[in-house]
Amino acid sequence: LGQGGEDGFTRLLENLEFRNRTGVAGAAPVVLGADVPYYNNAAWSPDGTWLAFVRQGVFDDSVGAYGSELWGIRPGDDAPTQWTDLHSAYGATRINGHTISDLIWSPDGTRVAFWVIELIGADPLANTGNAVLHVYDVVAGTLNAYCGYSTVEHTPNPPRLIWSPDGTHIAFGGNVQNDDKGYLLLALNTADGTYTELSNGIFPALGAPDVIGWGRLP
């Protein structure tokens, strides 16, 4: 939910069953942070037990910009939990892009995949570096960076990520620099970090060469 005011919108998590009741535990909405473009990705886990969301983190004086961090909250929690500390690892970063639903959960609801984009200046649209794919494991509380591929084609949105049905791979369309193959259909093996080229010569449709889905064998 978004709550408006003179200073913009604030995101809230509200239990609709208890809405407008007084003296009931869990009735008050939980504030998730400001609704700021490029800092407002959010997605529910497949079973609805977790909401993963992005909000602004530490202000980085060296580049004049806020970083971003990944948070999680379960229905009934009084406050969210910060899952990442990207600022300590990289300085100011941006998670994903303008589309607010691009945090991608694994089919079993244990991991969240997203792009971490380096910020090199105050403008999160124009002052950006490379985007690198990351996966956060909710159960283990660990964050893995997969550095075998990076992209500068990430604004307004980086390549869309799609998990394989068995949760072992993540597919996306990417353009490897300095080759003549055009956009490639790539798959990341999350166990060993290797990227495999599944196909080449794919072309953008409706603005981006995004993967639509990953089906099961008949």
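See the values below:
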{"read-out": "Only one of Leu198, Leu217 that is open to solvent by 20 Å² or more (accessible area, probe 1.4 Å), within 23 Å of Pro107 (Cα to Cα), at pLDDT below 95 and assigned to a strand (DSSP E or B)", "value": "Leu198"}
{"read-out": "Pick from the range 204-214, criterion in contact with a Gly (Cβ under 7 Å, 6 or more places away or on another chain) and not aliphatic (A, V, I, L, M), ranking: surrounded by the fewest Cβ atoms within 10 Å (Cβ to Cβ)", "value": "Asp210"}
{"read-out": "Which listed residue is farther than 29 Å from Ala92 by Cβ and among the aliphatic types (A, V, I, L, M), from Leu198, Leu161, Leu188", "value": "Leu198"}
{"read-out": "Test: residue in the range 93-115 that is in contact with a helix residue (DSSP H, G or I) (Cβ under 9 Å, 6 or more places away or on another chain) and open to solvent by 60 Å² or more (accessible area, probe 1.4 Å)", "value": "no"}
{"read-out": "Those residues of the range 40-82 which are among the aliphatic types (A, V, I, L, M), more than 16 Å from Phe114 (Cα to Cα) and open to solvent by less than 40 Å² (accessible area, probe 1.4 Å), in sequence order", "value": "Val63, Ala65, Ile73"}
{"read-out": "Residues of the range 169-195 classified as outside any strand (DSSP E or B), modelled with pLDDT of 85 or more and open to solvent by 50 Å² or more (accessible area, probe 1.4 Å), total", "value": "3"}
{"read-out": "From the options Asn178, Asn157, residue that is free of Cβ contacts under 8 Å to residues at least 24 places away in the same chain and among the polar types (S, T, N, Q)", "value": "Asn178"}
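The values are calculated or read from the model by the stated rules, or taken from the named source; none is laboratory data. Only a predicted model underlies this, so the values are computations on that prediction, with no experimental measurement involved. Every residue, glycine as well, gets a Cβ built from its backbone with ideal geometry; the counts of neighbours run over all protein chains shown. Accessible surface areas use protein heavy atoms only, side chains included; no ligands, DNA or RNA. Shrake-Rupley method; radii C 1.70, N 1.55, O 1.52, S 1.80 Å.
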